[in-house]
1. How much of residue 300 can a 1.4 Å solvent probe reach, expressed as accessible area in Å² and rounded to 10?
2. At 0.36 nm per residue, minus the direct Cα-Cα distance, what do residue 123 and residue 25 gain on full extension? Give it in nm, one decimal, please.
3. Compute the distribution of all C-alpha to C-alpha distances in the chain, in bins of 10 Å from 0, and list the percent of pairs in each, rounded to whole numbers.
4. In whole percent, how big is the carbon plus sulfur part of the accessible area of segment 267-317, probe 1.4 Å, protein atoms only?
5. May I ask you to compute the full-extension gain from residue 195 to residue 101, defined as 0.36 nm times their residue separation minus their alpha-carbon distance, rounded to one decimal in nm?
6. Each residue of segment 299-315 in turn: what ³J(HN,Hα) in whole Hz from Karplus with 6.51, -1.76, 1.60 and θ = phi - 60°, glycine and Pro shown as x?
7. Could you tell me which of 111, 257, 268 has its Cα farthest along the dipole of the chain towards the positive end, charges placed at Cβ (Lys, Arg +1; Asp, Glu -1), taken about the Cα centre?
8. What ranking of 263, 359 comes out by heavy-atom accessible area, probe 1.4 Å, highest first?
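The values are calculated or read from the model by the stated rules, or taken from the named source; none is laboratory data. From a predicted model like this one, the values you see are computed outputs, not experimental measurements. No Cβ is skipped: glycine too gets one built from the backbone with ideal geometry, and neighbour counts run over all protein chains shown. When the accessible area is computed, the model is the full protein with side chains, heavy atoms only, and any ligands, DNA or RNA have been set aside. Shrake-Rupley method; radii C 1.70, N 1.55, O 1.52, S 1.80 Å.
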Amino acid sequence: MSTVSSDPPHRIDPSGGCPHARNARLREGGAVAAVVLPDDVRGMLVLGHEALKEFLGHSDVAKDSRHFAALAEGRIPEGWPLRTFATVRGMTTADGEDHRRLRSLVSRAFTARRVDALRPRVEALTDELLDGLAAAARSGDGVADLRAHFALPLPMGVICELFGVDAEFRELLHRLSNDVVATNIEPERAVAANREMVSVLAQVVASREREPGDDLTSALLAAHEADGDRLSREELIGTLILFLVAGHETTLNLITNAVRALCAHREQLDLVCDGAAGWADVVEETLRWDSPVSYFPFRYPTRDLTVDGTLIPKGTPVLAGYSGAGRDPAAHGPDADRFDVTRVPPGRHLSLGHGAHYCLGAPLARLEATVALERLFARFPALDLAVREEELPVNASFVGNSVRELPVRPGPDARHG
Ligand code: HEM
Ligand code: HEM
């Protein structure tokens, strides 16, 4: 028998905050919680591991916003802060055949070979950024923000490499993509940034059209030329924007969260240095324990659906609660809250998604994070937080999960003895 959750629904604070305490509280009421989104829009959150897995893979759950009942009935205000997530067009909001078409063209072009081929560039870029981190610390009394100087420029640089973006556009693209996902700027500026981004990417596409290279843009253009499933010019640019926004803050958060966790649990770092665990284990445990994506908007049941005993009415906007699933004791044991890089068996997680919309960039995200951590701690083995962990400012979004800054003391540089 299903029940409609009787607890008063939890109001989700759009300004974010650490999700773990909230998740623990909500989980007491079950794996599915009723929540109130900004502007009093009623939604639900799936935050138990098994429930989320079932929900993400369910054939009666859609991502296309025409299934969003309140939106279809005109009850969602024009300036609703989460509106873009629902209404943006592209593979993240497409279902069934449409989704397969958009995704298969990209996944055909975004091959394992293309990801592997990026490794030397990821390594070179990492080393360059570590020079920058060292320089920033030298001019900052030994302290530098690892997020600004390392974790943020790395994914951005890699994406530019992947797209074949000419050097002259990189700075601009970087600034624009920050503006597009910024939550602290006026809507007009975000809209302007979005428009400018489309125009810069159109120039990138034109440049690769004239001079194709071994990059994703050129490969997508070739797919566009080929017979069969065509990707329109608009869809091509939409795909590039999607890669920019989906690969940027996520990877930034993963690297930040991993460094924070290792500094706050020094014995775990020692286990890696002693060879008892690998850097890939650190990456997977960080994904589980401190998911870079906290609550991802939205999916809508296409009929009344009961998940783990709770009814989710048809058309409800539902958040995928990745940060909650990662610490669910029912899936990860009573010590789910503990950061442990030697978990046996390794903690399975859903932090890269599950089902048809599973993260397309997962191999690249793993490559970037592994290279980044390995090289960071090889070069600065004594690297540590420069402030007490409790003082770190938490992110201002409930979609992402991280801190706003990560001030560190890199300490002695192994490269210079
Ligand atoms: C640590 C880094 C990353 C994390 C934690 C992450 C997480 C996720 C998650 C949770 C989803 C599913 C969202 C949902 O529908 O509920 C997703 C989808 C996606 N990710 Fe990632 N991601 C990461 C890096 C990347 C990178 C580097 C790229 C591309 C270069 C990328 C491209 C995508 C795309 C295109 C989708 C949409 C797939 C679809 O709708 O079919 N991601 N990611
Ligand atoms: C750390 C996690 C993430 C954060 C903090 C984040 C944040 C944001 C923000 C603030 C926006 C702007 C919304 C608006 O304009 O009103 C946005 C747009 C978007 N995000 Fe994310 N996001 C994250 C992860 C992802 C993932 C995993 C995907 C892929 C499935 C994704 C896909 C998109 C898309 C397609 C847009 C719309 C871009 C456009 O304006 O064309 N995001 N994101």
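1. 0
2. Values: separation 98, 0.36 × 98 = 35.28 nm, distance 4.13 nm.
Gain on stretching residue 123 to residue 25: 31.2 nm.
3. Percent of pairs per bin, in order: 4, 21, 31, 27, 14, 2, 0.
4. Values: 880 of 1740 Å².
Ligands and nucleic acids excluded, carbon and sulfur give 51 percent.
5. Details: separation 94, 0.36 × 94 = 33.84 nm, distance 2.55 nm.
Fully extending the segment from residue 195 to residue 101 adds 31.3 nm.
6. 10, 9, x, 8, 8, 4, 10, 9, 10, 6, x, 10, 7, 10, x, 3, x
7. 111
8. On the way: 263 15, 359 45 Å².
Greatest to least solvent exposure: 359, 263.
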